[in-house]
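Computed from the coordinates by the stated procedures, all read-outs in this text should not be read as laboratory data. Given the structure is predicted, the values throughout are model-derived calculations rather than measurements. Every residue, glycine as well, gets a Cβ built from its backbone with ideal geometry; the counts of neighbours run over all protein chains shown.
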Amino acid sequence: MRSAGSSPIMPIGPTIGGAAVTSAASPRLQQLYRAVVVIIGACVLVLVAFDTIANNWSLNDYIGNGNCFKTPIATVLDISGVSASYRFRLDLALEDVSQIGGWMLNYTLSELIGANTDYYVVSAGTYQVPATTDLCSTFEGEYLVDLRADSFKIAVITNSITFMRGSAWSHLFTKDTSERLATSKMRSNELLDLGYVPTRLTVDLRLSDPFNIANTSSTQHVMMSYYRIFPRSFCSGCTPVVELGHGSCNFTVVYDDATASMTVLRSANVDMSTYKLGLMLPKSSFSSAAHYLKVIAIAFAIGGYLGSRKTVQWKEVNHAEADSIFAKVLRTVSPKYFPYPSLALRFGMFCYNSDWFVLLFAISTLLDMGNWFVAMRNIQLYNKLVPQFGISLQLYALCVRLLWINCLFLKVLKLGWSILSTASYNGESRLMGYCNLSSVTFLYLSAALLFYVPAFVEYNNSVSIELSYTSQILDPIHVDAFNGFYLRCIPSIVVLLVVNVLGITTLDHVFRYKHWAFLAKNSLARQAIFNSSSIVCDYLDDIVPDPDVDSQGSLLICKARRLSTLQWFFMNHLRCFGLPEKELRAKKKMMQTSTAMTSTSSEDVKGNSKCIVAQDSDGHVHLLDGGLNDVTALVYNIKILKDSTVAIQ
């Protein structure tokens, strides 16, 4: 009891029953934190938008910048036409190619020059290449040339199988990167004995632009530009993917007039010269579906988010009416609403939590994984020489796709455990609570590791050696699809992603265990954490201790307009598991015997008691008043019209 001359202590923020709802120990620090989170979220969304455009193979192919790589074979029909138009290096000509290698080259040439092909011919950027990069030494050798012509064109072709051993995890925990390594003189049986397996069949064709040299025996220096057509197959007889390129070399040559031959003594890359990269990525029903699903997912996210910007009408159970599938789908993006704004969800939170968006976006990523691997690896390979901002941004945009694989993994864990778990009430399963992140910050921490996936793929395939056709006939050696250059990386990447997600989740729950214990005391938080497929709980930050129960409980006072939008999100964008609140029926019976009801002093919640958010067995979200009676849509919508607040315990 205070003295007559003393002043009352007023809490900061709106209160209920004397409880301070919001209190900021360091408002500036919180504002800075929120600003940083918003900026990072905006960057992620920018990367997604950039990925949708820059890494859209169909759009890139339609624009047509990749068609410049058709230049060296524009007037030929097949491999025989190449042989007639170019002077091949004497020891690396078309005859020095395996049968399957010849098929790969013929197939590539016919697809590259064809009008309607089964490939996306895409431009993959322009790079600066230093002199130390070995792209030109393959030209060193002897060529038969005719100096009577104004100019001539030379070519060289190599055919090999890439053998590899181990994985990223075996490299990390064993000594397979330093012990019992293969040498260039070994044959296939020796490589197999050392644990190497064939992973990739390659044919590397280099075609020069026209150039000429003087008819003199003196040493000459020539700068020559060339095209590269580099088909690679990851299983014997499979459709190849093709790397295309255009670069420049410095030649040191000697001409012998007696034999009409030119010998390239030395060939090196022109220092910091421009190298254009292109790719031929196979078209398939999977890649086409990936494009459509991504567009649908983004349109769905934008439509759903715009729907959440309005105050959605409260929906109560109506067993007499069964909604059609069309009505349910329509309600996810166009619910019935009041013309009042709602800030219940940020766009980023919507994209990370919505089952529909996460599922569609993750499936589109998985369906395009084959082309994703090829583009990511090749862009990384050339960009790491002299990194460029635009190319790096494109690479990051490719990597950020995996963020939704992380989200899908957590959602699948929750959905799977909801089926397998024997929990009888909401909040009983600790594992279900573990599959959540307290804030989007931890989700972004998991995304940071994703940018190292390209380097991780290179590390996984770092123990390798090439077996050339000039050393051994390659046709009897078969490349198994499951040992393919990229497919063999998938187990290591899956382990990396799982360890990444579980590690970040563990970090979250260890360092914020008090926060998680506090959230579990609130009925709305329990619906998100234990009773739905929600995985990021950023929208629950304004829950505070409830002093009416000696701070042993928690309290959330929010606008009725916000809660109604959250109900719509739970019921239309999340899978609700339908677990009841613990001992709810027993509590209701006890409440019915009591006639004394607690009232509040706050003007915002005058006449309202503390409520509980619960689900029925069908997963419908209900609001129960102080007497544990269901609040009807009519009563609740009146609260919305009055812009009232609701106290949730």
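For this structure, a couple of remarks:
- For region 57-283: rounded, prolate or oblate by the Cα gyration tensor [a/c cutoff 1.5]: oblate
- Per DSSP, loop trypsin sites (Lys or Arg not before Pro) in region 134-194 with at most 14 further Cβ within 10 Å: Arg148, Lys175, Arg180, Lys185, Arg187
- The phi torsions of region 77-85, fed into the Karplus equation with coefficients 6.51, -1.76 and 1.60 and a -60° offset, translate into couplings of 10, 7, 5, 5, x, 5, 4, 7, 8 Hz, rounded to whole numbers, with Gly and Pro shown as x.
- Extended-chain gain in nm, criterion 0.36 nm per residue less alpha-carbon gap, Ala149 and Ser334: 59.5 nm
- Peptides 31-41, 121-131, 399-409, ordered by how many other C-beta atoms sit within 10 Å of their residues on average, highest first, read 399-409, 121-131, 31-41.
- Taking 0.36 nm per residue of separation and subtracting the Cα-Cα distance, full extension of the segment from Ser471 to Ala115 would add 124.4 nm.
- Note on region 180-301: the alpha carbon radius of gyration divided by the globular reference 2.2 N^0.38 Å gives 1.61.
- Distances between placed amide hydrogens fall under 5 Å for Lys310 paired with Ser342, all partners being 5 or more residues away or on another chain.
- All aspartates and glutamates inside 14 Å of Lys276 as judged from Cα atoms, apart from same-chain residues fewer than 8 positions distant: Glu243
- Using a simple spin-label model with pseudo-atoms 7 Å out from Cα toward Cβ, Ala327 and Ser285 lie 3.4 nm apart.
- Around Gly484: net Lys/Arg minus Asp/Glu count, Cβ-Cβ under 15 Å: +4
- Along its three principal directions, the equivalent ellipsoid of region 317-371 from the Cα gyration tensor extends over semi-axes of 28, 19, 8 Å, largest first.
- Note on region 422-465 and region 224-255: Cα centroid distance 38 Å, given to the nearest whole angstrom.
- With a Förster radius of 51 Å applied to the beta-carbon distance between Asp616 and Ala481, the computed FRET efficiency rounds to 0.55.
- Label-point separation, Ser217 to Val38 (7 Å along Cα→Cβ), nm: 7.9 nm
- Those aspartates and glutamates that a straight Cα-Cα span of less than 15 Å connects to Lys336, excepting residues fewer than 8 apart in one chain: Glu316, Asp323
- Taking each DSSP H run with n ≥ 4 as -39500 (n - 2.57) and averaging over every residue of the chain yields -12500 deg cm²/dmol at 222 nm.
- Separation of the Gln388 and Asn67 label points, Cα + 7 Å toward Cβ, nm: 2.2 nm
- Along the chain, counting only GluC sites (Glu not before Pro) with a DSSP assignment other than H, G, I, E or B and at most 11 other Cβ atoms inside a 10 Å radius, the longest segment between sites is 322-582.
- Of the cross-linked pairs Lys294/Lys411; Lys294/Lys384; Lys411/Lys521; Lys294/Lys642; Lys328/Lys514; Lys414/Lys514, those separated by over 30 Å at the C-alpha level are Lys294/Lys642; Lys328/Lys514.
- Reach of Lys153 by Cα under 17 Å, taken over lysines that are not fewer than 8 positions away in the same chain: Lys70
- Sites Ser85 and Asp193, calculated FRET efficiency, Cβ-Cβ separation with R0 60 Å, nearest 0.05: 0.90
- For the chain, with +1 on Lys and Arg beta carbons and -1 on Asp and Glu, the positive-most of Ser80, Val329, Ser217 along the dipole: Val329
- Residues whose amide H falls under 5 Å from that of Val479, counting only those 5 or more places apart or on a different chain, are Ser236, with hydrogens built in the peptide plane.
- Relative contact order, percent, region 57-283 [alpha-carbon distance under 8 Å, six or more residues apart]: 28 percent
- Per-residue Karplus couplings for region 175-190, computed as 6.51 cos²θ - 1.76 cosθ + 1.60 with θ equal to phi - 60°, are listed in order as 10, 6, 8, 10, 10, 6, 7, 6, 10, 5, 8, 6, 9, 4, 5, 5 Hz, Gly and Pro entered as x.
- Charge context of Ser167, other residues only, Cβ under 10 angstrom, K/R +1, D/E -1: +1
- Multiplying the residue separation of Leu265 and Gln30 by 0.36 nm and subtracting their alpha-carbon distance yields 78.0 nm.
- Residue-wise HN-Hα couplings along region 376-386, as the Karplus relation 6.51 cos²θ - 1.76 cosθ + 1.60 with θ = phi - 60° gives them from phi, are 4, 5, 6, 5, 4, 4, 8, 6, 5, 5, 9 Hz; Gly and Pro carry x.
- Put simply, the amide H of Ala124, placed in the peptide plane, has neighbours under 5 Å in Leu277, Gly278, Leu279, leaving out anything fewer than 5 places away on its chain.
- Cα gyration tensor shape for region 498-572, rounded if a/c is under 1.5, else prolate or oblate: oblate
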